[in-house]
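Report on the structure given below.
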Amino acid sequence: MLNLVRVAALSAAGLWAFTANATILTFDVSGGVTNFANIPQIYGDNVAMTPDGLGHSYGVGAEGFTPNVVVEYGTAGEDPALWTTGYGDLTNVHFNDADGDLTFTVRFTADPGFLVTLFDFDIASFLSAGQTIAGLEVRNGATDASLFSLGSTFITGATHAQIAPNVSANVLILEIDLTGLGSVSDDIGIDNVRFGQSQAEVETSEAGTLALLGGALAVIGGVARRRVAA
């Protein structure tokens with residue numbers, strides 16, 4: 001009976017914990033990766049299996065897939081593309097092929113009632129000596145609030161680095177600042193982008209919480225009285 005009371009209280013207070021799911025964008029697209037090829041915008045959308053119905057493949061986080069999230073690559077002026085090898089020790093990477101562009105953007109959007117979490121991703125430079133980006137940021141797409149940011153950061157070209165924002169919102173925007181890189185702005189690539197989904201917690205007012213909890217206790221009390229009568 002105490003367990004039932006606890007469940008009722010957690011549910012009423014909007015504190016019920018939901019299991020998160022996770023998909024890893026490995027950029028292994030249907031038909032294989034070709035250097036300079038545009039990334040299919042549908043890659044990473046509503047992933048429920050690997051390969052998906054179009055033949056695109058993904059890594060699988062321990063939590064499962066992300067059927068309630070879509071992914072968009074690039075913004076105006078960007079050229080979201082794919083490359084096979086040469087970005088550190090990564091294989092099949094996503095990069096912005098627009099030389100001299102100032103941003104490198106990926107957007108994650110969850111269905112209503114869900115949150116998307118950007119756990120981590122790998123990043124490397126095509127230049128063996130590496131290069132320094134002006135910074136990177138993950139923003140809440142609804143409020144434009146910064147949830148995670150790095151300033152000037154050296155990106156290795158020998159192996160790779162892992163960036164772990166581990167932030168959540170209904171919409172997340174990952175933006176890498178390529179300012180100052182000029183003609184080698186396309187030499188920054190990302191891979192193994194691990195993102196997840198979870199159900200948004202339901203928030204209720206204090207009065208609503210007390211009413212729901214009172215109703216749950218009444219049901220439990222009724223069950224106990226029927227047992228005594230029996």
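Per the Debye calculation on the range 18-200 with a single equal scatterer at every Cα and no solvent contribution, log₁₀ I(q)/I(0) for q = 0.16, 0.19 Å⁻¹ amounts to -0.93, -1.32. Residues whose amide H comes within less than 5 Å of that of N46, counting only those at least five positions distant or on another chain, are V69, V70, V71 (H built at 1.01 Å from N in the peptide plane). Less than 5 angstrom separates the built amide H of I39 from those of A81, L82, all sequence-distant by 5 or more or on a different chain.
With coordinates expressed along the principal axes, the C-alpha atoms belonging to the range 25-126 extend over 38, 26, 23 Å, beginning with the largest. Distances between placed amide hydrogens fall under 5 Å for G141 paired with V171, L172, I173, all partners being 5 or more residues away or on another chain. Taking a sphere under 13 Å around the Cβ of D191 and counting the other residues whose Cβ falls inside, with K and R at +1 and D and E at -1, yields a net charge of -3. Find how many whole Å separate the alpha carbon centroid of the range 86-127 from the alpha carbon centroid of the range 171-190. Centre-to-centre (Cα) distance: 9 Å.
Readers should treat all values here as calculations from the given coordinates under stated rules, not as data from a laboratory. These figures come from a predicted structure and were not determined experimentally. Note that each Cβ is placed from the backbone with ideal geometry, even for glycine, and that neighbours are counted across all protein chains shown.
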